[in-house]
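The values are calculated or read from the model by the stated rules, or taken from the named source; none is laboratory data. Keep in mind the model is a prediction, meaning the values are calculated, not measured. Reconstructed Cβ throughout: ideal geometry from the backbone, glycine too, with neighbour counts over all protein chains shown.
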Amino acid sequence: MSTERLLLIIEDDAAFARTLSRSFERRGYVVLHAASQDEAAALLTQHNPGYAVVDLKLNGNTSGLSCVQMLHQHDEAMLIVVLTGFASIGTAVEAIKLGAIQYLAKPSNTDDIEAAFGQVAGNTEVELTARSTSIKNLEWERIHEVLVETDFNISETARRLGMHRRTLARKLEKQRVK
């Protein structure tokens, strides 16, 4: 099968994956869907997609970062975009290091993702902000950094941060990007 317009979506939210799939199919892509890393690995034995969209947080607190790594190892030329409702600088940096070309916060639509596929090279014209990072943002970044280190294990993250698990869960609920 040709890699030119073959897209692999790794997303555990079936409704979102279905909507995204239909939208890309209308744009001429052939879409494969996997709800987990194991399903994606099985698809890679039979197909060679040129594009991939990976959710950062999959069921069972599985990190999409390991999917990014697997996809990049399968084909270094594959254009991989990471989508997340739990955006942080730490996970963005790791996603790019592991082979993703872009990292988008949800909600992102097909236009955003397709534009990301076209922006492989960096952009030196990105506007720099003069504003410093707030304490809340620094806290949020640290929480997500530890979440990635613990493969999204809430209990272990809370222990490493020295906070009660329920306190961490409340902070995560407050900050969730929908």
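I'd like to know if the stretch 156-165 contains one or more residues that are under 22 Å from Asn59 (Cα atoms), out of contact with any helix residue (DSSP H, G or I) (no Cβ under 7 Å at 6 or more places or on another chain) and among the hydrophobic types (A, V, I, L, M, F, W, C).
no
Restricting to the stretch 49-77, and then to whatever is among the charged types (D, E, K, R) and outside any loop (DSSP other than H, G, I, E, B), can you tell me which residue is surrounded by the most Cβ atoms within 10 Å (Cβ to Cβ)? Don't jump to the end; show me each part of the working.
Here is the first cut: in the stretch 49-77, the ones among the charged types (D, E, K, R) are 55, 57, 75-76.
Restricting the remaining residues to those that are outside any loop (DSSP other than H, G, I, E, B) gives 55, 57.
Details: Asp55: 24, Lys57: 18.
Among those that are among the charged types (D, E, K, R) and outside any loop (DSSP other than H, G, I, E, B), it is Asp55.
Check whether at least one residue in the stretch 147-168 is in a helix (DSSP H, G or I), modelled with pLDDT under 80 and over 16 Å from Thr91 (Cβ atoms), and report yes or no. Talk me through it step by step, then tell me what you get.
Initial filter on the stretch 147-168 (in a helix (DSSP H, G or I)): 147-149, 154-161, 165-168.
Now narrow it down to the ones that are modelled with pLDDT under 80: 148.
Subset that is over 16 Å from Thr91 (Cβ atoms): none.
No, the stretch 147-168 has no match at all.
What's the total number of residues in the stretch 80-116 that are crowded, with 19+ Cβ neighbours inside 10 Å, of a type in the set (Val, Ile, Thr) and assigned to a helix (DSSP H, G or I)?
The total comes to 2.
If you scan the stretch 1-42, which residues turn out to be touching a Pro at 6+ places or on another chain (Cβ under 8 Å) and among the hydrophobic types (A, V, I, L, M, F, W, C)?
Result: Leu6, Leu7, Leu8, Leu32.
Which condition from (1) under 21 Å from Lys97 (Cβ atoms); (2) at pLDDT below 95; (3) touching a helix residue (DSSP H, G or I) at 6+ places or on another chain (Cβ under 7 Å) is the one that Asp12 breaks?
(1)
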